[in-house]
Amino acid sequence: MLSRELVFEILRKSVHLVSIFIVLIYEFFGKDAILWVLMVFLVTVLFLEYLRLEKGMRIPFFYMMYREEEANRPGGHIYFALGAIAVISLFSREIAYAAVLMTTFGDLVAALIGKSYGKRRIFRETFKNDKSLEGSVSEFITDLLVGLVITGNPIVSLVMAFIATLTETAVNRIDDNLVIPVFSGFSGQMTLFLLAYL
């Protein structure tokens, strides 16, 4: 039977599956359209966060999606929107797709596998956190598959998957919904640039 914590995590992460719609809107309607959609989304959730954090309002369903540490700070969906806007604005279409989807699916798989099967907590000394080797390995494999499907380039996929996994594993205080797409997207774009000149 699924634990309450695992059910909560699945519910939280499922919200991030809107990244599929980000890719679809970009693919069928173009960069400008998805940037406007993301900006409208960002303005909306920032207003809701204002009501929650500044006015103390408990908006139905919305307030249930926060972790305890997010009680007095903006939620991950704001950082996810900012990360998506950054990578779509600056990077090639395939790199932006891969970065956004790695943020969603890699993080989702890492959380589910880590919480369900994570035994080896080998990052306590290095990164000062309780993340598991099993979660990190499952994230890397997921990110690599996402990269291969989206970009078709094994070197770019490998670099992006490694950076996305390292970022998720190493970062504790900065929201991973922002740093994973930005770092993985930047590394993927730089790898493409270097490969073009080799």
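Every read-out reported here was derived from the displayed coordinates using simple, explicitly stated rules and does not represent laboratory data. All values reported here derive from a predicted model rather than from experimental measurement. Note that we place each Cβ from the backbone using ideal geometry, even for glycine, and neighbour counts take in every protein chain shown.
When each pair of different Cα atoms in the range 143-198 is counted once in the 1/r mean, what is the Kirkwood radius in angstroms, to one decimal?
Evaluated over the range 143-198, this radius sits at 11.3 Å.
Taking θ as phi - 60°, what are the ³J(HN,Hα) couplings along the range 32-45 by the Karplus curve (6.51, -1.76, 1.60), each to the nearest whole Hz, with x for Gly and Pro?
Computed from phi, the couplings for the range 32-45 are 4, 4, 6, 5, 5, 4, 5, 5, 5, 4, 4, 4, 5, 6 Hz.
Show me the chymotrypsin sites (Phe, Trp or Tyr not before Pro) within the range 154-198 that DSSP assigns to loop and that have at most 16 other Cβ atoms within 10 Å of their Cβ.
On the way: sites: 162, 183, 186, 193, 197; in loops: 197.
Passing sites in the range 154-198 are 197.
Applying a 10 Å radius around every beta-carbon, put 97-109, 36-48, 73-85 in order of their mean neighbour count, most first.
Highest to lowest by the protection proxy: 97-109, 73-85, 36-48.
Which value in Å is the Kirkwood Rh of the range 72-198 over different Cα pairs?
14.5 Å is the Kirkwood radius here.
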